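**Q** Dumping the structure here so I can ask a few things about it.
The values are calculated or read from the model by the stated rules, or taken from the named source; none is laboratory data. Just so you know, these numbers come straight off a predicted model, no measurement behind them. Because the Cβ atoms are built from the backbone with ideal geometry, glycine has one as well, and the counts that use them run over all protein chains shown.
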Amino acid sequence: MSEVPSVLIQRGRIVDPSQGLDTLGDLLIEGGKIVAMDAPGKVPVTRAQRVIDAHGYWVLPGLIDIHVHLREPGLEYKETIETGTRAAVAGGFTSVACMANTQPVNDTPYVTAFIREKAKTSAVCRVFPIGAVTKGLRGEELAEIGGMVAEGVKALSDDGMPVMNSYLMRKAMDYAKAFGVPIISHAEDANLVGQGVMNEGPLSNELGLRGNPAAAEEIMVAREIALCRLTRCPVHIAHLSTEVALEHVKRAKDAGLPVTVEASPHHLILTEESVRGYNTNFKMAPPLRTERDVQALREAVQSGLVDVIATDHAPHGIVDKAVEFDHAANGIIGVQTAVPLTLDLVHQNIISLYKWVESLTIKPAKLLGLDYGTLRIGKEADITILDPGSVWTLSEDLIVSKSHNSPFLEWKFKGQVKTTIVGGRVVYEC
Amino acid sequence: MVRHLLAASELEASEIRYILQVAKYFAPYVSRGETIPLLQGKTVVNLFFENSTRTRTSFELAARRLGGGTLNFASTGSSVQKGETLIDTAKNIQAMRAHCLVVRHSSAGSPTFLSQNISVPVVNAGDGFHEHPTQGLLDAFTIEDRLGSIAGKRVVILGDIAHSRVARSNIYILRKLGASVAVCGPPTLLPPLSKSLGVDYAYRPEEVLGEADVVMALRIQLERQNRMQIPSAGEYTRFWGLSSERAKLLKKDAIILHPGPINRGVELDPEVADSPRSVILGQVSNGVLVRMAVLGWVCNPQGLEEWLARGGHRV
């Protein structure tokens, strides 16, 4: 590694919930670490090889996305560690945690080591692998959890393939406690989901699409909470989407259980109404829900009941998406649109700036036990600089990800990532 | 703008009345064996991804009676399983200079998806559990033909509503034409429909048959059914089948429709199916007329207008 040049970020609005900070100031980076923070104009320009004028911008701890699919190894036609992390930094993320449903599945120390080594040579941001709970995501036997943690896995999840066997999930939670990693649950009862492809209700019946009822999520969230109570293993609910499941979580948190929750930007912005027209870029699991659910989810981000905003960045190729709605793959790309989509909720005063930054920085960092998500002196300089007022349109040529399965093409946004810095290096500039 | 027929939910009441009226005007020409040359030099492609005999044949006859050529493209199972995507299949057929695609597919929304990706009219001939708009139109035609009008009539749709595209299309059309509709069947097969549709629910036929002017018995799709929805065909027949006994509850002039093919002895007692109340075969003949009207309306709207004007027909 060549030496990291020193950088001075001047006159930005520094927002760092890890220190309870919201202030105008300068930030100095040396040797890849944050070495000084002071009032605007107080840090001498002569100390830095490069100066970034952040006047009018927000300077935040580097954003962390704990739920992405990088598709490598095995599904490189959709995304690679390189393209996925390039998209991530363009979206303001300096760390991502990638799900285990690659080919082969990340269910052994060897696959974990491959991802880690590949990230070293091709990633432009930090990559933290998530290991499978069960071998092959088949829900039959425990994966080699200890070995994967030794190679760098920060959490466990069979994302996309809910562990239906409650006995096995209980044992996974028990076992994971020895290694100090949380279990992330894709909480849907697969039998109740059946062949459902959208939220069940009058609209699914109108469109003639098989429904996936909210109850499928509610049941599984209730089960995970029951198992958490039994085992005391930290459980994180991925992409929670229903009002009633939030009520379950509230009771669990009130009881002091180690349960955390994430919401994805699309569940905070879109309702099932988008499915009219059968555009497969509105097909995801869990499905887009009702206006009521969206409102409840937004309030839960503001109240802190939802801990983390995470994208579930799920790249898919044309062959996966330009097909019949029933046959289309679930999911959408998300790392480049997460900031502007959810920032809109800040602009509308639905979520406070402080809560918003917290849910994208220190809270996800703590969840995975990462020493990032903060601008404290002495820490690695992972920094995201935003222009909150910049208006722009997402055109197809701006998409960095290898896949273009976004329902937000041609959407007009307010708020744009200007600079992304990882370990003191500028990895993205707009 | 290319005109499609994708869903009855998208049709205005005035458009429904127009199509039914045109079908009525076509009737005498068809019985005299005359061609109405609205599709001369055009080819209608029946793109069927699901088995069908009567609907496909009906569209084929309709196209020919308008002077058009037809081409049948049948493929069971999904296009994905064949390794060719639905878009590729459709674009290939369009490249063969088809002028209209009549599409049947087991996945809801497939005709809509196709219409967004090709430049010729698409007619939905049944998509999954979504809609079957020409069936709805021909049922409306049949009811009007037998009962004079639809407004104010009570229609009971009996059977598997959840998996019926026929039920959905009928509900939209009949409601738009002023009928009141009740759906009746086992609760496992009665989905929650939008309240705005104004449809009544009943679990037992005895609750609604007495008020019906029209009973539409739906095919119980035994092949798609599993024992988690209905315990057995016998139990269905016992509680929901339109038996001679239950038919006695009907008003004197009430009629019985069925989209076919009938499971005789399951949802419909053979005696009832062949009784004077039954208009099932009339539905089949009317199907051709209505599909002629639809094909003319989407493929050659201007020609249709001119034909109507020439014949002094006013719509």
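**Q** Could you count how many residues in the stretch B:209-265 are without any contact (Cβ under 8 Å) to a residue 12 or more places away in the chain, charged (D, E, K, R) and farther than 25 Å from B:LYS153 by Cα?
**A** The qualifying residues number 5.
**Q** Here are A:SER401, A:SER390: which of them is of a type in the set (Ser, Thr, Tyr), outside the structural domain of A:VAL259 (by TED's automatic domain parsing) and part of a loop (DSSP other than H, G, I, E, B)?
**A** Of the residues listed, the single one that is of a type in the set (Ser, Thr, Tyr), outside the structural domain of A:VAL259 (by TED's automatic domain parsing) and part of a loop (DSSP other than H, G, I, E, B) is A:SER401.
**Q** Which one of B:PRO205, B:PRO231 is surrounded by 20 or more Cβ atoms within 10 Å (Cβ to Cβ) and under 17 Å from B:ASN263 (Cβ atoms)?
**A** B:PRO205
**Q** Restricting attention to the stretch A:184-214, report how many residues are farther than 26 Å from A:GLY277 by Cβ and either modelled with pLDDT under 95 or away from every other protein chain (no Cβ under 12 Å) (or both).
**A** 6
**Q** Could you list, in sequence order, all residues of the stretch A:243-279 that are in contact (Cβ under 8 Å) with a residue 60 or more places away in the chain, more than 22 Å from the chain's Cα centre (by Cα) and outside any helix (DSSP H, G or I)?
**A** Selection gives A:ARG276, A:TYR278, A:ASN279.
**Q** Any idea which of A:LYS42, A:LYS33 is farther than 21 Å from A:ILE115 by Cβ and free of Cβ contacts under 8 Å to residues at least 40 places away in the same chain?
**A** Sole residue among the options that is farther than 21 Å from A:ILE115 by Cβ and free of Cβ contacts under 8 Å to residues at least 40 places away in the same chain: A:LYS42.
**Q** Please report, ordered by residue number, the strands (runs of 3 or more DSSP E) entirely within the stretch B:120-234 with at least 3 residues that are within 19 Å of the chain's Cα centre (by Cα) and under 24 Å from B:ARG277 (Cβ atoms).
**A** B:154-158, B:180-184, B:214-217
**Q** Run A:LYS283 past the list (1) crowded, with 24+ Cβ neighbours inside 10 Å; (2) within 14 Å of chain B (Cβ to nearest Cβ); (3) over 19 Å from A:PRO162 (Cα atoms); (4) not β-branched (Val, Ile, Thr) and report the number of the one that doesn't hold.
**A** Unmet for A:LYS283, out of (1) crowded, with 24+ Cβ neighbours inside 10 Å; (2) within 14 Å of chain B (Cβ to nearest Cβ); (3) over 19 Å from A:PRO162 (Cα atoms); (4) not β-branched (Val, Ile, Thr): (3).
Okay, residues lined up against (1) within 14 Å of another protein chain (Cβ to nearest Cβ); (2) touching a residue at least 40 places away in the same chain (Cβ under 8 Å); (3) under 19 Å from A:SER406 (Cβ atoms):
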site	(1), (2), (3)
A:VAL308	no, yes, no
A:ILE333	no, yes, yes
A:ASN349	no, no, no
A:SER352	no, yes, no
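**Q** Sticking with this structure for a sec: Go through (1) surrounded by fewer than 24 Cβ atoms within 10 Å (Cβ to Cβ); (2) out of contact with any Lys or Arg (no Cβ under 9 Å at 6 or more places or on another chain); (3) assigned to a loop (DSSP other than H, G, I, E, B) one by one and return the number of the condition B:SER107 breaks.
**A** Checking B:SER107 against (1) surrounded by fewer than 24 Cβ atoms within 10 Å (Cβ to Cβ); (2) out of contact with any Lys or Arg (no Cβ under 9 Å at 6 or more places or on another chain); (3) assigned to a loop (DSSP other than H, G, I, E, B), the one that fails is (1).
**Q** Take A:PRO315 and decide whether it is in contact with an Asp or Glu (Cβ under 6 Å, 6 or more places away or on another chain) and either outside any helix (DSSP H, G or I) or crowded, with 21+ Cβ neighbours inside 10 Å (or both). Walk me through how you get there before you give the answer.
**A** Numbers: in contact with an Asp or Glu (Cβ under 6 Å, 6 or more places away or on another chain): yes; either outside any helix (DSSP H, G or I) or crowded, with 21+ Cβ neighbours inside 10 Å (or both): yes.
Against the criterion (in contact with an Asp or Glu (Cβ under 6 Å, 6 or more places away or on another chain) and either outside any helix (DSSP H, G or I) or crowded, with 21+ Cβ neighbours inside 10 Å (or both)), A:PRO315 qualifies.
**Q** Also, quick follow-up: Among the candidates B:ALA140, B:ALA125, B:ALA108, B:ALA63, single out the residue that is within 13 Å of another protein chain (Cβ to nearest Cβ) and touching a helix residue (DSSP H, G or I) at 6+ places or on another chain (Cβ under 7 Å).
**A** Details: B:ALA140 fails: within 13 Å of another protein chain (Cβ to nearest Cβ); B:ALA125 fails: within 13 Å of another protein chain (Cβ to nearest Cβ); B:ALA63 fails: within 13 Å of another protein chain (Cβ to nearest Cβ).
From the options B:ALA140, B:ALA125, B:ALA108, B:ALA63, the qualifying one is B:ALA108.
**Q** Just to be sure, is A:PRO17 crowded, with 17+ Cβ neighbours inside 10 Å and touching a helix residue (DSSP H, G or I) at 6+ places or on another chain (Cβ under 6 Å)?
**A** On the way: crowded, with 17+ Cβ neighbours inside 10 Å: yes; touching a helix residue (DSSP H, G or I) at 6+ places or on another chain (Cβ under 6 Å): yes.
Yes, satisfied.
**Q** In the set A:THR384, A:THR342, A:THR419, which member is over 19 Å from A:ALA97 (Cβ atoms) and either outside any loop (DSSP other than H, G, I, E, B) or touching a residue at least 60 places away in the same chain (Cβ under 8 Å) (or both)?
**A** A:THR419
**Q** Which is buried (at least 24 other Cβ atoms within 10 Å of the Cβ), closer than 30 Å to B:HIS163 by Cβ and either of a type in the set (A, V, I, L, M) or without any contact (Cβ under 8 Å) to a residue 60 or more places away in the chain (or both), of A:LEU207, A:LEU240, A:LEU192, A:LEU203?
**A** A:LEU207
**Q** Hey, another quick one. Look through A:ILE115, A:ILE130, A:ILE64 and report the one residue that is surrounded by 24 or more Cβ atoms within 10 Å (Cβ to Cβ), under 19 Å from A:GLU429 (Cα atoms) and modelled with pLDDT of 95 or more.
**A** Answer to the selection: A:ILE64.
**Q** So, one more: Of all residues in the stretch B:241-259, which are closer than 21 Å to B:GLN221 by Cα, in contact with a helix residue (DSSP H, G or I) (Cβ under 6 Å, 6 or more places away or on another chain) and part of a loop (DSSP other than H, G, I, E, B)?
**A** B:HIS258, B:PRO259
**Q** With the condition kept exactly as written, say whether any residue in the stretch A:4-13 is over 22 Å from A:LYS363 (Cβ atoms) and either surrounded by fewer than 14 Cβ atoms within 10 Å (Cβ to Cβ) or without any contact (Cβ under 8 Å) to a residue 24 or more places away in the chain (or both).
**A** No, the conditions are met nowhere in the stretch A:4-13.
**Q** Still on this structure, I have one more. Here is a check on your reading of the model: is B:VAL103 more than 9 Å from chain A (Cβ to nearest Cβ) and in contact (Cβ under 8 Å) with a residue 60 or more places away in the chain?
**A** On the way: more than 9 Å from chain A (Cβ to nearest Cβ): yes; in contact (Cβ under 8 Å) with a residue 60 or more places away in the chain: no.
No.
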